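S.K.: Take this structure first; my questions come after.
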Amino acid sequence: MKAKPKFETIAIKSIENRFKSSEPVSTPIYLSTTYKRNNDGSYANDLIYSRNDNPNRKILEQSIAQLENGKYAFAFSSGMAAITTIFQSLKTGDHIILPNDIYYAIKKLMQDVFKRWNLTYDLIEMTNINAIKKAIKPNTSLIWIESPSNPQLKISDISSIAKMCHKNNIKCAVDNTWATPVLQNPLELGADIVMHSSTKYFGGHSDVIGGCIVLNDKELADKIKSIQLLSGAVPSPFDCWLIARGIQTLHLRVMKQTENAFKLAHFLDKHPKIEKVYYPGLRSHPQHLIADKQQKGFGAMISVLINGNEEESFKISTKLKYFTAATSLGGVESLVEHRKSVEGKNSNTPANLLRISVGIEHIDDLIADWKNVLSF
Ligand SMILES: *Cc1c(COP(=O)(O)O)cnc(C)c1O
């Protein structure tokens, strides 16, 4: 091939990566969807096609596995995609026990999608071990824990529930989004599966949607991997890169946010315009001792009941200066949300409940902000 290639060919070949052997300190974003096959038919680093695997995803998954002390981790394009994958690993006819205070979209996923696929479920008060025991059926294959729960911050005793699961040959899954691996490691408490919405504290800057699953069981890991690959709800390399970047400051952020939330919760708890504060760090919280035992800190989420009606409660959420009225949580900026009006008609969240995601701003400003709006 001596002839000089023509313009069109140069345009393609001339931009080939010439920096492969350099070692950038910060991981580049590998947008390539496909990887060159070796002459012997193998692939370097087993990278074939980006739905199967991708350097940014591999790095993210291996990081999350280590943070949760698990053997296998899988990243998804959203928390809901991770949850859907766990449900898809079950078989039709299986029964699931879900918390009655579960993240509302999971309940909707069961009703709108998996009910048709003949997965049955019961919504149970997960702070009551006897209620869970009573709900177990011969075909129960999964018990789902969300602790702290959304939005009422109920705490479930993970190790007791996991023990009961294993006695009955049931898998125990924990949605660990609100606690983060900084404060709680469910696999160490006996759970089989940990799930996160990495949209929240992992990402930490309200700019990326993602989810993940961590587990130790090889057989289940193979099943999850196969669903991830074949149903294809994988995160983009850029999403993985953003979440991996967030992980570098996860500990710093969560510690600061938790410290701020602890102080704000105690301030709100004493305020006459606040009817009730849901925060596991308060001694008055019904599962305070369990939270103290299984968590390394009480987290950065607070819910409050306003001493007022729905309209007044909603209004407060729009008047705060440093708490943006928006859904989601876990970012560096403080957010507040009137939860019932977001969850819709069938929500059993109290009409005067506001959910607060505490950020990393200065605590004096955050407390002054609430003091100001509550002086109505
Ligand atoms: C946000 C959230 C989810 C869903 O995650 P997405 O990333 O929005 O799909 C699930 N569980 C909890 C506790 C959450 O806060």
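What follows draws every value from the coordinates through simple rules; no lab data is involved. Not measured: the values here are computed from a predicted model. We place every Cβ from the backbone using ideal geometry, glycine too, and count neighbours over all the protein chains shown.
S.K.: Find, among the GluC sites (Glu not before Pro) in the range 1-83, those assigned to loop by DSSP (not H, G, I, E, B) with at most 11 other beta-carbon atoms within 10 angstrom.
M.R.: Working: sites: GLU8, GLU16, GLU61, GLU68; in loops: GLU16, GLU68.
Listed in order of number, the matching sites are GLU16.
S.K.: Of LEU90, LEU119, how do they rank once you tally other Cβ atoms within 10 Å and put the fewest first?
M.R.: Numbers: LEU90 17, LEU119 20.
Fewest-to-most Cβ neighbours within 10 Å comes out as LEU90, LEU119.
S.K.: Report, in deg cm²/dmol and to the nearest 500, the calculated mean residue ellipticity at 222 nm for the chain, where each DSSP H run with n ≥ 4 adds -39500 (n - 2.57) and the sum is divided by the residue count. Don't skip to the end; give the middle numbers.
M.R.: Details: 14 runs with 136 residues, N = 376.
Dividing the helical sum by the residues of the chain leaves -10500 deg cm²/dmol.
S.K.: Here's something else I'd like to know. Cβ under 15 Å from ILE136's Cβ, ILE136 left aside: what net charge do those residues give with Lys, Arg +1 and Asp, Glu -1? Display every interim value, and only then the final one.
M.R.: Values: positive: LYS133, LYS134, LYS137, LYS163, LYS167, LYS171; negative: ASP94, ASP122, GLU125.
Here the count lands on +3.
S.K.: Loop only by DSSP, 15 or fewer other Cβ within 10 Å of the Cβ. Give me the chymotrypsin sites (Phe, Trp or Tyr not before Pro) in the range 228-292 that pass, ordered by residue number.
M.R.: Details: sites: PHE238, TRP241, PHE262, PHE267, TYR278; in loops: none.
Answer in residue order: no site qualifies.
S.K.: Here's another thing I want to ask about it. Once both labels are modelled 7 Å past Cα along the beta-carbon direction, what's the GLU333-THR249 spacing in nm?
M.R.: Label-label distance for GLU333 and THR249, simple model: 1.4 nm.
S.K.: Determine the percent antiparallel among the DSSP beta bridges restricted to the chain, to the nearest 5.
M.R.: On the way: 25 of 43 bridges.
In the chain, DSSP labels about 60 percent of beta bridges as antiparallel.
S.K.: At a threshold of 8 angstrom on Cα-Cα distance, excluding pairs fewer than six apart, so keeping six or more, what relative contact order does the range 306-354 reach in percent? Display every interim value, and only then the final one.
M.R.: Values: 65 pairs, mean separation 19.2, N = 49.
For the range 306-354, the relative contact order is 39 percent.
S.K.: Net charge around GLU343, counting only other residues with Cβ within less than 15 Å of its Cβ (Lys, Arg = +1; Asp, Glu = -1)?
M.R.: On the way: positive: LYS107, LYS108, ARG339, LYS340, LYS345, ARG355; negative: ASP101, ASP112, GLU146, GLU310, GLU337.
That works out to +1.
S.K.: Treating only the Cβ atoms of Lys and Arg (+1) and Asp and Glu (-1) as charged, compute the dipole magnitude of the chain about its Cα centre; round to the nearest 20 debye.
M.R.: Numbers: 46 positive and 37 negative charges, 147 e Å.
Dipole size: approximately 700 debye.
S.K.: For the range 301-376, rounded, prolate or oblate, judged on the Cα gyration tensor with a ≥ b ≥ c (square roots of eigenvalues), a/c < 1.5 rounded, else prolate if a/b > b/c? List each step's numbers first, then the result.
M.R.: Values: a/c = 2.36, a/b = 1.35, b/c = 1.74.
The shape class here is oblate.
S.K.: Mind giving me the FRET efficiency for ASN69 and ILE48? R0 is 30 Å, r the Cβ-Cβ distance, nearest 0.05 is fine.
M.R.: On the way: r = 29 Å, r/R0 = 0.97.
Result of the calculation: an efficiency of 0.55.
S.K.: Which of the residue pairs LYS71/LYS137; LYS36/LYS218; LYS263/LYS371; LYS36/LYS223 have a Cα-Cα distance greater than 18 Å in the structure shown? Don't skip to the end; give the middle numbers.
M.R.: Numbers: LYS71/LYS137 30 Å; LYS36/LYS218 29 Å; LYS263/LYS371 13 Å; LYS36/LYS223 27 Å.
The answer is LYS71/LYS137; LYS36/LYS218; LYS36/LYS223.
S.K.: Report the relative contact order of the chain, percent, no decimals, based on alpha-carbon pairs under 8 angstrom and at least 6 residues apart.
M.R.: Working: 697 pairs, mean separation 58.9, N = 376.
The value is 16 percent.
S.K.: How far, in nm, would the chain grow between THR92 and ASP364 when pulled straight, counting 0.36 nm per residue and subtracting the alpha carbon separation?
M.R.: Details: separation 272, 0.36 × 272 = 97.92 nm, distance 5.28 nm.
The span from THR92 to ASP364 would gain 92.6 nm if fully extended.
S.K.: Hey, got a sec? Which trypsin sites (Lys or Arg not before Pro) in the range 107-187 land in a DSSP loop and have at most 11 other Cβ atoms within 10 Å? Don't jump to the answer; show the numbers that get you there.
M.R.: Numbers: sites: LYS107, LYS108, LYS115, ARG116, LYS133, LYS134, LYS154, LYS163, LYS167, LYS171; in loops: LYS115, ARG116, LYS154.
Listed in order of number, the matching sites are ARG116.
S.K.: Is the range 245-376 best put as rounded, prolate or oblate by its Cα gyration tensor, with a ≥ b ≥ c the root eigenvalues, rounded for a/c under 1.5, and otherwise prolate when a/b is larger than b/c, oblate when not?
M.R.: Numbers: a/c = 1.44, a/b = 1.30, b/c = 1.10.
It is rounded, given that a/c, with a ≥ b ≥ c, falls under 1.5.
S.K.: Moving on to the next point. Considering only the other residues whose Cβ falls under 10 Å of the Cβ of LYS321, what net charge follows from Lys and Arg at +1 and Asp and Glu at -1?
M.R.: Within the 10 Å Cβ shell, the charges total -1.
S.K.: For the range 175-187, what does the Karplus curve 6.51 cos²θ - 1.76 cosθ + 1.60, with θ = phi - 60°, yield as ³J(HN,Hα) per residue in whole Hz, taken in order and with x for Gly and Pro?
M.R.: 7, 9, 4, 6, 7, 6, x, 5, 9, 7, 10, x, 4
S.K.: What distance in nm separates the two pseudo spin-label positions at THR120 and ASP217, each 7 Å out from Cα along the beta-carbon direction?
M.R.: 2.1
S.K.: Moving on. What FRET efficiency would be calculated for the residue pair SER77, LYS270, taking the C-beta separation as r and a Förster radius of 41 Å, to the nearest 0.05?
M.R.: On the way: r = 43 Å, r/R0 = 1.04.
About 0.45, to the nearest 0.05.
S.K.: By its C-alpha gyration tensor, with a ≥ b ≥ c as the square roots of the eigenvalues, how is the range 122-216 shaped: rounded for a/c under 1.5, else prolate for a/b larger than b/c, else oblate?
M.R.: Details: a/c = 2.16, a/b = 1.79, b/c = 1.21.
Judged from the Cα gyration tensor, the range 122-216 comes out prolate (a/c at least 1.5, a/b above b/c).
S.K.: I'd like the Karplus ³J(HN,Hα) series for the range 137-148: coefficients 6.51, -1.76, 1.60, θ = phi - 60°, whole numbers in Hz, and an x wherever there's a Gly or Pro.
M.R.: Along the range 137-148, the couplings run 10, x, 9, 5, 10, 8, 10, 9, 10, 10, 8, x Hz.
S.K.: For a quick check: with amide H placed at 1.01 Å from N, whose amide H comes under 5 Å from SER303's, ignoring anything fewer than 5 positions away on the same chain?
M.R.: It is TYR278, ILE356, by chain and number.
S.K.: I need the calculated FRET efficiency for the pair GLU310 and GLN62, taking r as the beta carbon distance and R₀ as 51 Å, to the nearest 0.05. Mind showing how you got there, number by number?
M.R.: Numbers: r = 46 Å, r/R0 = 0.91.
For GLU310 and GLN62, the calculated efficiency is 0.65.
S.K.: With a point put 7 Å past each Cα toward its Cβ, work out how far SER26 is from LYS345 in nm, to one decimal.
M.R.: 4.9
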